[in-house]
Amino acid sequence: MNDAARHPLRNAHTDRAQAKDVPDTPQTRAPAYRLAFTDEDFMCRPELRPVRLQLELLKPELMLDAHGITSTIVLFGGARIPPPSLKHTARTQTLADLSSFYDETREFARLMTLKSMESDGCENVIVTGGGPGVMEAGNRGAVDAGGRSIGLNIVLPFEQAPNEFVTPDLCFNFHYFAIRKMHFLMRAKAVCVFPGGFGTMDELFEALTLIQTGRMQRIPFLLFGRDFWEKIINWDALADAGTISAEDLDLFRFVETADEAMELIENWDVAPPREEVPGRSTPA
């Protein structure tokens, strides 16, 4: 809605433009004279952190709403996994072997995007971290299907940029990891996790913890590549130790292919959030 249509007062855009065209004097050059919402130095002060957190939550939310995005399919996975055509560049043989998951990610994203476009293309939209590797494959698969996809990038202390397959109008950049993680899950209808490293593990266990503790519905949660995950994580040992319950191992499923993942998501019995955590004693 046009801001001018809501009230008769001058809007922020008008005053921002007017403030750029003032006489050049010692007073107008002073930082104190800058409009607060256009003063980058002011906005970056430590005391403004709560405001920055709010803005970082609000901006993608408003823009996703404006584009009609109602639900997403979340793809997590390693930034270092190359496409098969470049697997010879991988730093280890194991990483080269994992390149097959680039193609599975791409095919899954293509199939899911085609299904999304059967309606209005606003449901089950692919969302990735917007970077290389598995993330690139996910956004690329959406492009293969002629659809849109979301990229949630984050500023890192080394040179990086969004992959070229993210829909430009749905490509966001974050300062706060916590807010970025919220946006990954706020619209999620399924979570698919491909082989990866620390970042992938972080996202995997944080999302699983939300489901385990009843903070999130039990949506489809798929781990691609049983051999990789069972080699990296001894799931049964966690249950045997009692640090998780045996029932927690039912919160996710292993899959190998895009077709298998599509079928599981289609037939998943979505359950309401847990009201209690199995294996955890209730205080008397």
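Could you pull out which residues in segment 211-231 have an amide N less than 16 Å from a spot 7 Å beyond the Cα of Glu275, following the Cα-Cβ vector?
Of the residues in segment 211-231, 213-218 have backbone N under 16 Å from the label point off Glu275.
Mean residue ellipticity at 222 nm from the helices of the chain, using -39,500 (n - 2.57) per DSSP H segment of n ≥ 4 over the full residue count, to the nearest 500 deg cm²/dmol? Please list the in-between numbers first.
Values: 12 runs with 117 residues, N = 284.
Computed mean residue ellipticity for the chain: -12000 deg cm²/dmol.
Could you please rank Ser85, Ser99, placing first whichever residue has the fewest other Cβ atoms within 10 Å of its Cβ? Don't skip to the end; give the middle numbers.
Details: Ser85 10, Ser99 20.
With the fewest neighbours first, Ser85, Ser99 line up as Ser85, Ser99.
Normalising by the residue count of segment 48-267, find the relative contact order in percent from Cα pairs under 8 Å and 6+ residues apart. Present the calculation step by step, with values, prior to reporting the outcome.
On the way: 390 pairs, mean separation 47.1, N = 220.
Relative contact order for segment 48-267 comes out at 21 percent.
How big is the C-alpha Rg of segment 1-102 next to the rule-of-thumb value 2.2 N^0.38 Å, as a ratio?
On the way: Rg = 23.7 Å, N = 102, 2.2 N^0.38 = 12.8 Å.
So the Cα radius of gyration is 1.86 times the expected 2.2 N^0.38 Å.
When DSSP beta bridges are limited to those with both residues in the chain, what percentage is antiparallel, rounded to the nearest 5?
Working: 1 of 22 bridges.
Bridges in the chain that DSSP calls antiparallel: roughly 5 percent.
What do you get for trypsin sites (Lys or Arg not before Pro) in segment 57-122 restricted to DSSP loop and a cutoff of at most 14 other Cβ within 10 Å of the site's Cβ? The partial results should precede the final answer.
Details: sites: Arg80, Lys87, Arg91, Arg106, Arg110, Lys115; in loops: Arg80, Arg91.
Answer in residue order: Arg91.
Taking the Cβ-Cβ separation of Ser119 and Phe198 as r and a Förster radius of 30 Å, what is the calculated FRET efficiency to the nearest 0.05?
Working: r = 36 Å, r/R0 = 1.22.
Taking R0 as 30 Å, the efficiency between Ser119 and Phe198 is 0.25.
Roughly how tilted is helix 100-117, in degrees to the nearest 10 and between 0 and 90, from the longest Cα axis of the chain?
Taking the Cα atoms of the chain, the angle to 100-117 is about 70 degrees.
Could you state the angle between the C-alpha long axis of helix 258-267 and the longest principal axis of the C-alpha atoms of the chain, as a value from 0 to 90 degrees rounded to the nearest 10?
90 degrees
Which length gain, in nm to one decimal place, applies between Thr209 and Leu55 when the Cα-Cα distance is subtracted from 0.36 nm times their residue separation?
Numbers: separation 154, 0.36 × 154 = 55.44 nm, distance 2.63 nm.
Length difference between fully extended and current span is 52.8 nm.
Every number in this text was worked out from the coordinates using simple rules, so none of it is lab data. Bear in mind that the values here come from a model prediction, so they are computed numbers and not experimental data. Cβ sites come from the backbone with ideal geometry, for glycine too, and all protein chains shown count toward neighbours.
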